[in-house]
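Peer 1: There's a structure below that I have some questions on.
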Amino acid sequence: MNGVSLGIRSGSYSSSDKKQLQSDVLLPIQTPSTTKTKPYSKMFKDKEKLFRWASKFAGRKRVRMSLLFAISAAVFVWVLYVGRDKDQETHNGLKVNDSLPLNNSETPPMNEVQTVGIIKRVSFPIDVERTEVRVMPPQPPSYFLGYTLPPGHPCNSFSLPPPPADKKRSGPRPCPVCYIPMKDAIALMPKIPSFSPVVKDLTYVYEENLNKETEFGGSDFGGYPTLKQRDDSYDIRESMNLHCGFLKGSKPGHGTGFDIDDNDLVDMEQCRGVVVASAIFGAFDDIQQPKNISEYSKRTICFYMFVDEETEADLKANDGLEETRKIGVWRIVVVRNLPYTDGRRNGKIPKLLTHRLFPNARFSLWIDGKLELVVDPYQILERFLWRTNATFAISRHYKRFDVFDEAEANKAAGKYDNASIDFQVDFYKKEGLTPYSEAKLPITSDVPEGCVIIREHIPISNLFSCLWFNEVDRFTSRDQISFSTVRDKIAAKTGWMVNMLLDCERRNFVVQQYHKEVLALLAQMAPPVINPPPPPTSSRSVVR
């Protein structure tokens, strides 16, 4: 959207606000006059004589303490009675707030020194002092707590219009999304990470000598965790050690399977902000260049395309891949020693384990190789993570919401071995998986689309990504089947949830292209181009 301005609440006072604050909390200073202290002095002399007279007859320690207590109590009651009217006059209409709420728009600016008046009651004569007190500034929040767009902002009143009445097009289509301008989205990028409920620290299992004697499932790349180890990984704790791929080798991509050149690994470790990642294996797709990307994003965002050696050869032959390893905005990273024979399962490594390949990145956007990105990543992150205070976003399936329906659709389409799909669904059913219904609200779907993942790399979202990958490694590669099981197990222990955006919103910022084999098939099916015959030449000659 063009022309949308973004207003940000400020935590600073204006000069007039500061004066008003000081006038509200500064108590007036009064100097006791001499005319009012004479009665006080006479009363004290009388009481002092009484005290000395009583002390003569108070030989015992217990009697002295009792008399002292009685006299002190009498003095205290007298002070309250005499000083009540004075204090009432002094404090009339004044109210001092001792606490300043954190993250309040009216909180004084950091390092601001406020002047307040403090009344001290001491032994007579009463003395009123003005004291300069340095108020410690409020501590900044440790985590990103979200924000709200200002009242009247166009995105606050934005609602989806009804789909266009086009009977010729009944399939899924994009819908409008209210993005804020690029410069505002960049300004709203959180300076600190979001809160990670329960889990604060993750370490990953490394095993050189793998134990393959487990109940079922697993691989050399993902390990062979037992069912007891699987159950333990869902017992969410503050510090956890779990399987998360790359079981062998010194670090991910180095002697682990899914191996990457050292130069690429060094560059990947330098990505400390936002990374956009994709992959093409088996020369299955053409590389799609992002559109509508700002120059700032091209300078600050890491765009990485993972390819196998077959795709590398195709890119050299058809796309002019050279030593620079760059095609458009994409840096091409060649992966060797792929750990799986199933290409779809190999693709799940950069898709689900992005946080392991880019250990220093803060945010990532995964898009499948067949997708063309048409909206700037900063605007996507602002809309689906920062504005909703979410740390993981994925689109729901456009048609199916139930895992059982998804499993049957995969079997009908021959996406995986039917017996393996049935085994996985039965396993989850015994663990408590039920068909989707409105009783699960506010959960809107159990089936994601999965071709786009938007996430912040914090411990809780990294844990979800690891456990989701472990299910893909142990069972079938159809990640839509395992998604809701992992999500619900983590949510039950932490309350953490995934932002499931509408499929039409996802289609707003990525455009799906055909696979190369489909394009080739369409080219064969296209009717031959018949050029029209040239117009006949006129045989008439002009006679003059």
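Peer 1: Can you tell me which residues in region 334-355 are crowded, with 23+ Cβ neighbours inside 10 Å and basic (Lys, Arg)?
Peer 2: Answer for region 334-355, where residues must be crowded, with 23+ Cβ neighbours inside 10 Å and basic (Lys, Arg): just 351.
Peer 1: Here's something else I'd like to know. Just to be sure I understand, how many residues within region 449-487 are of a type in the set (D, E, K, R) and over 18 Å from the mean Cα position of the chain (by Cα)?
Peer 2: Of all residues in region 449-487, those of a type in the set (D, E, K, R) come to 449, 455-456, 471, 473-474, 478-479, 487.
With over 18 Å from the mean Cα position of the chain (by Cα) added as a condition, the list becomes 449, 471, 473-474, 478-479.
Counting residues in region 449-487 that are of a type in the set (D, E, K, R) and over 18 Å from the mean Cα position of the chain (by Cα) gives 6.
Peer 1: Please go through region 258-288 and give me each residue that is modelled with pLDDT of 95 or more, aliphatic (A, V, I, L, M) and within 22 Å of residue 340 (Cα to Cα), ordered by number.
Peer 2: Within region 258-288, 260, 265, 277, 279, 280 meet the criteria.
Peer 1: Looking only at region 494-544, filter to residues that are under 18 Å from residue 172 (Cβ atoms) and assigned to a loop (DSSP other than H, G, I, E, B); which one of those is modelled with the lowest pLDDT? Let's see the steps before the verdict.
Peer 2: Of all residues in region 494-544, those under 18 Å from residue 172 (Cβ atoms) come to 500-515, 518.
Checking the rest, the ones that are also assigned to a loop (DSSP other than H, G, I, E, B) come to 502, 513-515.
Numbers: 502: 96, 513: 86, 514: 75, 515: 70.
Result: 515.
Peer 1: Moving to a separate point now. For region 120-141, check the following and say yes or no: at least one residue is within 30 Å of residue 385 (Cα to Cα), at pLDDT 90 or above and not hydroxyl-bearing (Ser, Thr, Tyr).
Peer 2: We begin by selecting, within region 120-141, every residue within 30 Å of residue 385 (Cα to Cα); these are 137-141.
Narrowing further to those that are at pLDDT 90 or above: none.
Taking every residue of region 120-141 in turn, none turns out to be within 30 Å of residue 385 (Cα to Cα), at pLDDT 90 or above and not hydroxyl-bearing (Ser, Thr, Tyr).
Peer 1: Sticking with this one: In region 417-431, which residue that is among the charged types (D, E, K, R) and without any contact (Cβ under 8 Å) to a residue 12 or more places away in the chain is farthest from residue 477 (Cα to Cα)?
Peer 2: 430
Peer 1: Scan region 241-258 for residues that are in contact with a strand residue (DSSP E or B) (Cβ under 6 Å, 6 or more places away or on another chain) and not in a loop (DSSP other than H, G, I, E, B) and report the count. Working first, answer last.
Peer 2: From region 241-258, those in contact with a strand residue (DSSP E or B) (Cβ under 6 Å, 6 or more places away or on another chain) are 241, 243-244, 247, 253, 258; that's our starting set.
If we keep only those that are not in a loop (DSSP other than H, G, I, E, B) too, we end up with 241.
Number of matching residues: 1.
Peer 1: Failed condition for residue 208, given (1) modelled with pLDDT under 95; (2) under 20 Å from residue 355 (Cβ atoms), with all others met?
Peer 2: With (1) modelled with pLDDT under 95; (2) under 20 Å from residue 355 (Cβ atoms) applied to residue 208, the lone miss is (2).
Peer 1: Can I ask one more? Within region 269-309, how many residues are within 24 Å of residue 182 (Cβ to Cβ), part of a helix (DSSP H, G or I), in contact (Cβ under 8 Å) with a residue 60 or more places away in the chain and open to solvent by 30 Å² or more (accessible area, probe 1.4 Å)?
Peer 2: 1
Peer 1: Here's something else I'd like to know. Answer yes or no: is there a residue in region 419-441 that is of a type outside the set (Val, Ile, Thr), modelled with pLDDT of 95 or more and touching an Asp or Glu at 6+ places or on another chain (Cβ under 6 Å).
Peer 2: Yes: region 419-441 contains one or more residues that are of a type outside the set (Val, Ile, Thr), modelled with pLDDT of 95 or more and touching an Asp or Glu at 6+ places or on another chain (Cβ under 6 Å).
Peer 1: Among the residues of region 310-333, count how many are touching a residue at least 40 places away in the same chain (Cβ under 8 Å), in a loop (DSSP other than H, G, I, E, B) and either aliphatic (A, V, I, L, M) or open to solvent by 60 Å² or more (accessible area, probe 1.4 Å) (or both).
Peer 2: Of the residues in region 310-333, 1 are touching a residue at least 40 places away in the same chain (Cβ under 8 Å), in a loop (DSSP other than H, G, I, E, B) and either aliphatic (A, V, I, L, M) or open to solvent by 60 Å² or more (accessible area, probe 1.4 Å) (or both).
Peer 1: Here are some residues: 486, 425. Which one is closer than 23 Å to residue 363 by Cα, surrounded by 17 or more Cβ atoms within 10 Å (Cβ to Cβ) and aliphatic (A, V, I, L, M)?
Peer 2: Just one listed residue meets the conditions, 486.
Peer 1: Also, quick follow-up: Would you check which residues across region 179-226 are in a strand (DSSP E or B), surrounded by fewer than 16 Cβ atoms within 10 Å (Cβ to Cβ) and touching a Ser or Thr at 6+ places or on another chain (Cβ under 7 Å) and list them?
Peer 2: Across region 179-226, the qualifying residue is only 201.
Peer 1: Right, residue 204: touching a Cys at 6+ places or on another chain (Cβ under 6 Å) and among the hydroxyl-bearing types (Ser, Thr, Tyr) or not? So that I can check it myself, show each step before the final result.
Peer 2: Numbers: touching a Cys at 6+ places or on another chain (Cβ under 6 Å): yes; among the hydroxyl-bearing types (Ser, Thr, Tyr): yes.
Yes, satisfied.
Peer 1: Name the strands (runs of 3 or more DSSP E) wholly inside region 334-408 in which the number of residues that are farther than 26 Å from residue 488 by Cβ and among the polar types (S, T, N, Q) is 3 or more. Break it down stepwise before answering.
Peer 2: Values: elements: 363-367, 371-373, 392-396.
Per the criteria, no element qualifies.
The values are calculated or read from the model by the stated rules, or taken from the named source; none is laboratory data. Here the structure is a predicted model, which is why all the values come from computation and not from measurement. In this analysis, Cβ positions are derived from the backbone assuming ideal geometry, glycine residues included, and neighbour counts consider all displayed protein chains. All accessible areas refer to the heavy atoms of the entire protein, side chains included, with ligands and DNA or RNA removed. Shrake-Rupley method; radii C 1.70, N 1.55, O 1.52, S 1.80 Å.
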